[in-house]
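Structure first, then comments.
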Amino acid sequence: MPKTTCKRSRKAALIFMVPAATLLLQGCGQEKTVEAQVYNTPDECAAFYNPPAQCQAAFEEAAALHPQVAPRYANKQECEADFGTGSCETAPQQQSAQGSFFMPMMMGFMAGQMLNRGGMGAQAPQQSSAAARNSVPTQPLYKSRDDRGTFRTASNAPVASQSGPTQVRPSAVQPKPASLARRGGFGSQAQQRATAAQRSSSFGG
């Protein structure tokens, strides 16, 4: 009976209004979001509510993963076209026929289960249990040249526009091995989203 109700509600919503359909679909099998935390630095993390040592450990874990997952570019110019002048570095132990590969610098980190298990008040037990079922790995974050206000994973998934707790889909933030990127990857996609948002705003207002 619950499945039938879900299907009927979804059809009705699709007929009458799209926003309602979106909300109903979230309750009909879509992946649930879980809490993670996003920070620029360990000190910023410690200023919120987690023990400093825990924040430092999360940062170091993300930093260790950084050279393994950050996108690779054949040259520094291509990397800086996506991430900005002075925002790229040589990738360790990686070389192309023309020389070294380059990767963006780490601009922040996302802490998943590590901080959720820490001192977060009365909700800590529930958050710890949820984190055990939905793994959100601690990992490095980046900011593209054209979208400095958004933290992104190495695979270009946007996760937050400000520091602190945020909701993410676990499947969307799983780190993947570094791959060779093309110029315009992060930058052009961010610019396309910004342009689309501006158009939407102008039409709506």
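Computed 3J(HN,Hα) for the stretch 75-84, one whole-Hz value per residue from the Karplus formula 6.51 cos²θ - 1.76 cosθ + 1.60 where θ = phi - 60°, is 8, 5, 4, 5, 5, 5, 5, 8, 10, x, glycine and proline marked x. Computed from label points 7 Å out along Cα-Cβ, the spacing between T33 and E60 is 3.2 nm.
For C88, the residues whose modelled amide H falls within less than 5 Å of its own, excluding neighbours fewer than 5 places apart on the same chain, are M105.
Computed over protein heavy atoms with a 1.4 angstrom probe, the accessible surface ordering of K32, K143, largest first, is K32, K143.
The values are calculated or read from the model by the stated rules, or taken from the named source; none is laboratory data. For clarity, every value in this text was computed on a predicted model and none was experimentally measured. Cβ: placed from backbone, ideal geometry, glycine included. Neighbour counts: every protein chain shown. Side chains are part of the model used for accessible areas, which takes the heavy atoms of the whole protein and leaves out ligands, DNA and RNA. Shrake-Rupley method; radii C 1.70, N 1.55, O 1.52, S 1.80 Å.
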